[in-house]
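Inspection log for the structure reproduced underneath, given as structure tokens.
The values are calculated or read from the model by the stated rules, or taken from the named source; none is laboratory data. For clarity, every value in this text was computed on a predicted model and none was experimentally measured. Heads up, the Cβs are rebuilt from the backbone with ideal geometry, glycines too, and the neighbour counts pull from every protein chain shown.
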Amino acid sequence: MPHIEIILPIYNELKNIPILVERLDQVRKKLSSEATFSYLFINDGSQDGSTEYLNQLHSTRFDIRVVHLLHNFGHGPALACGVQHFRGDLAVFMDADLQDPPEAITEMFQAWKKGAKTVVAERSSRAEKNKILFNTFYYLLHKVAPTLPPVNFGTHCLLDASVMARIKMLKEKNRYFPGLVGFSSPKIEAVPIHRLERQNGKSQVGLKGLIHLAITAFLSFSSTPVRLVSIFGLIASVIAIFSGSVIMGIKIFTNLAIPGWASTMSALAFGSGIQLLCLGIIGEYIARIYDEVKERPLYLVDRVLENSASAALSKEDSIFTPKVISL
């Protein structure tokens, strides 16, 4: 019987954790005859009482492990921590904000039983306010990074242990998780879901974080941005040569020459803008190279709450009635 470990990065999700665990326990009951379950919470420096709640939850259940990070390192490092601490035959990643339905795990598991090594929750529709931005991002990303699978998914996925072993080998610091999943998977099966809006709390990522994640995705899996530098430089050179020829022709062959301040400043402004844009794109790559060569760890663990029974669940798991602590 395969063992499924649910990996849950947590940051200020106190109101969502009880609801999430209750819904996951319902999924667990449905699959109790086919798989065993355990939960791995990665507490990414929560400050809303989530830490204390997870400690209490761990003390009452043998199927839960908790890794408390030293402080808030971000969503990507929390996922990387989950990869490194994974134990089991199957890993299910999902956020605790309840935007992706836990009930999709049942369908994911059935796809795995048919031979799929990677099953993702494809966001076929969204209730979020920024869905136009998300759709535009995925469209552009798949255009400039054709090696990525053409599936719109985020954190929610089911991965076989063999895929997890490959992801563990990837050591880059700037991590786009869906890209790493696609890179490490021979084939991806998709389960369509409807992504909801967040009901409680505030997203750890936010608009600024989403922009950073988008930049990371483009720079990690495509060299198109840096190639655009050459294209911009070529376009600027052609425009400069053409403009210079026109100005010289007007000056030599006509009496329509206008004092050159406007044309000079326009050309200077255009050239300066192109240069700054190109330097900015190159700078993004250099900044990421700098992050890699520092070899600073992605995260630091404060403490780990282990439970020996959670590593290899006994037969009692099939008759164990999970207990959820109320707030």
* **One residue from K113, K117 being basic (K, R) and within 21 Å of the chain's Cα centre (by Cα)** => K117
* Does S59 fit the bill of being out of contact with any Asp or Glu (no Cβ under 9 Å at 6 or more places or on another chain), part of a loop (DSSP other than H, G, I, E, B) and of a type outside the set (D, E, K, R)? -> no
* To do: Tally the residues that are under 20 Å from L14 (Cα atoms) and among the small types (G, A, S), restricting the search to the range 77-122.
  => 3
* Does F73 count as in the same structural domain as N174 (by TED's automatic domain parsing), aromatic (F, W, Y) and surrounded by fewer than 21 Cβ atoms within 10 Å (Cβ to Cβ)? -> yes
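Would you mind stating whether T36 is free of Cβ contacts under 8 Å to residues at least 60 places away in the same chain, more than 14 Å from H156 (Cα to Cα) and not small (G, A, S)?
Answer is no for this residue.
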* **Index of the failed condition, K143 passing every other in (1) over 18 Å from the mean Cα position of the chain (by Cα); (2) modelled with pLDDT of 95 or more** => (2)
* **Every residue from the range 50-74 that is out of contact with any Gly (no Cβ under 9 Å at 6 or more places or on another chain), of a type in the set (A, V, I, L, M, F, W, C) and closer than 17 Å to A96 by Cα** => L54, L57, I64, V66
